[in-house]
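We did not get these values from a lab; they are worked out from the coordinates using the rules stated. Everything numeric in this text was worked out from a predicted model, so none of it was measured. Here the Cβ is made from the backbone with ideal geometry for all residues, glycine too, and neighbour counts use every protein chain on show.
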Amino acid sequence: MATANPIKRILSVNTSGEKGGRALPLGRQLVLQIISLFIAITVMFPIMYIITLAFSSNPSRPSTLQLIPTELSTEAFAKVLDRPTANPVTFVELLRNSLVLSLGVGAVSLLFAVSAAYAFARFKFAGRQFLMLAVFFVILMPGVGLATPLFLLFNGISIIDPESGQVIFNLRNSLLGVGIAMIAGALPFAIWNLKGYLDTIPKELEEAARIDGASHNRTFFQIVLPLAAPALAVTFFLSFMGNWQEFTLSWLFLNKPSDYTLAMTLYNMTGQYAQNVQWNQFSAMAIIVALPVAVVYIALQKQIVGGLTLGGVKG
């Protein structure tokens, strides 16, 4: 007898109301568990090595491979939280710069993205499909590919003192310029992600509001935005997470230590030669930079995955 359609067979799983799925053969279970264990070890190996170095009082790397801390010294964390590098900038100032860029870029890009996504999802206008393809094409481009034109463009925007002839402000060498460049990179994904979700919101809700006398702005702010809150939250968090760890644009644009971010400072701690690196401080800084985003992501993992899949199926 012919084998049943594999798609129908997959869709028929768990239709009997049982809590658990179909039991796998013992051999397949062992293979899957071995693969999962291998992946877990591969992922946890560098993390455990960094943690071991961070809690060590010895600034040099150990001669043997150690994955479990043999001591719990917080000396490296104390030094990093005071002043990570020899530059005259404190950890608080670096944290402020990173927060300003991450939160500011996330909020501004979300504001423009939801407006553009709503226009793409609801209005029919000339060039709509071409613009959507252009947005998608920008997503495919690597971020570093836009660095050179943005560098040249922003470097030509300056404020010069007419008396002394000195440059007072240069858009390229400022947090504002980096923020604008990061917004340009964050907008395409935000527009594409929000547009897919706004397509799932029934248009009948907006039509009913207009029949009741609501204006387009009132319909947008009081009906569309509240319904799109899960997608807005997920888009903002993903933008914040990417901007928090952004390094390329900041490193290419900024020259003043007072404008450095945490990611730039972490790179500065590597030094010119490996033997001169304070590895315990470098590891402590790496943990401090990664910990906030990692904790929030783990805590909100279900909401993030759910928000990304909400717009996956229309209807």
**Fill in**
For the chain, the Cα gyration tensor yields equivalent-ellipsoid semi-axes (√(5λ), largest first, whole Å) of 40, 36, 17
**Prompt:** What longest range of the chain stays clear of loop-exposed trypsin sites (Lys or Arg not before Pro) (DSSP non-H/G/I/E/B, at most 11 other C-beta within 10 angstrom)?
**Reply:** 125-313
**Message:** Between residue 115 and residue 205, what's the calculated FRET efficiency when r is the beta-carbon distance and R0 is 22 Å? Round to 0.05.
**Reply:** 0.75
**Item:** Value of [θ]222 nm, deg cm²/dmol, for the chain, DSSP H segments ≥ 4, -39500 (n - 2.57) each, nearest 500
**Value:** -19500 deg cm²/dmol
**Prompt:** Listing 52, 90 from the residue with the fewest other Cβ atoms within 10 Å to the one with the most, what is the order?
**Reply:** 90, 52
**Request:** Show the residues, 5+ positions off or on another chain, whose built amide H is closer than 5 Å to the amide H of residue 169.
**Result:** 159
**Request:** Can you put 98, 239 in order of Cβ neighbours within 10 angstrom, beginning with the fewest?
**Result:** 98, 239
**Cβ-based exposure ranking for 130, 169, in which fewest neighbours within 10 Å come first** = 130, 169
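By the scheme Lys and Arg +1, Asp and Glu -1, what is the net charge of all other residues having a beta-carbon under 14 Å from that of residue 262?
Within the 14 Å Cβ shell, the charges total -1.
Within 10 Å, at most 13 other Cβ atoms, and a DSSP state outside H, G, I, E, B define an exposed site. Report the longest part of the chain free of exposed GluC sites (Glu not before Pro). Walk me through the numbers on the way to the answer.
Details: sites that count: 18, 71, 163.
Here the longest run is 164-315.
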**Message:** Need one number: convex hull volume per residue for the range 25-73, Cα atoms only, in Å³.
**Reply:** 79 Å³
